[in-house]
Amino acid sequence: QNDPKSEKRDTTYTPPKPLNMRKVREEIGYPKIAADAGIQGRLIIRVLVDTVGRVKKHEIVEGIHPVLTEAVVSKIDMLRFSPAFSNVDGKPIAFWLHIPFSFKLIKSKKKKKSRSKS
C-alpha cells in the first residue's frame, strides 16, 4: 500500500538546475502594455529539458493574460540548464520541470517637490 506519509523524495535522479534564469527573466521584462493596463499575475510553465540542458518542449500549466504569457513563451527557449542525471547509471536524462513567472506591479510613491523661489 502506498501511504503518502511514508513516501520519500525520489532520489533516482538529480534534477536540472537553471544556468541563466536571471538573464532570461530580464529579457522577458514586464511588457509595457501589460504594466500600463495594470495587468498582473503568475504563470507556471512546464518545460522539457533535454540531455544537454536545452528546452525541447513547453506547456502552460497555469496561464495569465495573453500578453504576459506570450512574453514568457517568446523567450523560454533561451533558458539553459545543467542536465538532469540518473542516479542509477549516472547518465543524463530528459526531465520535465515547472517554472513560475510572477508579474507584479510595484506602486511607486511620488513625492511632490516643493519649489522655493529665491
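FYI, it's all coordinate maths here, none of it is from the lab. In this text, all values refer to a predicted model and were calculated from it rather than measured experimentally. As a convention, Cβ positions derive from the backbone with ideal geometry for all residues, glycine included, and neighbour counts pool all protein chains shown.
Pop the C-beta distance of Lys17 and Ala37 into the FRET formula with R0 = 25 Å and round what comes out to the nearest 0.05.
Approximately 0.10, to the nearest 0.05.
Can you pick out the pairs among Lys17/Lys107; Lys23/Lys57; Lys23/Lys91; Lys56/Lys104 whose Cα atoms lie more than 26 Å from each other?
On the way: Lys17/Lys107 33 Å; Lys23/Lys57 20 Å; Lys23/Lys91 28 Å; Lys56/Lys104 28 Å.
The answer is Lys17/Lys107; Lys23/Lys91; Lys56/Lys104.
Taking amide hydrogens as modeled 1.01 Å from N in the peptide plane, which residues meet the under 5 Å criterion relative to Lys17, leaving out close sequence neighbours?
Ser82
Give me a comma-separated list of calculated 3J(HN,Hα) values for segment 63-78, in order, Karplus coefficients 6.51, -1.76, 1.60 applied at θ = phi - 60°, integers in Hz, x for any Gly or Pro.
These are the phi-based 3J(HN,Hα) values: x, 9, 3, x, 5, 6, 4, 5, 4, 6, 4, 5, 10, 4, 5, 6 Hz.
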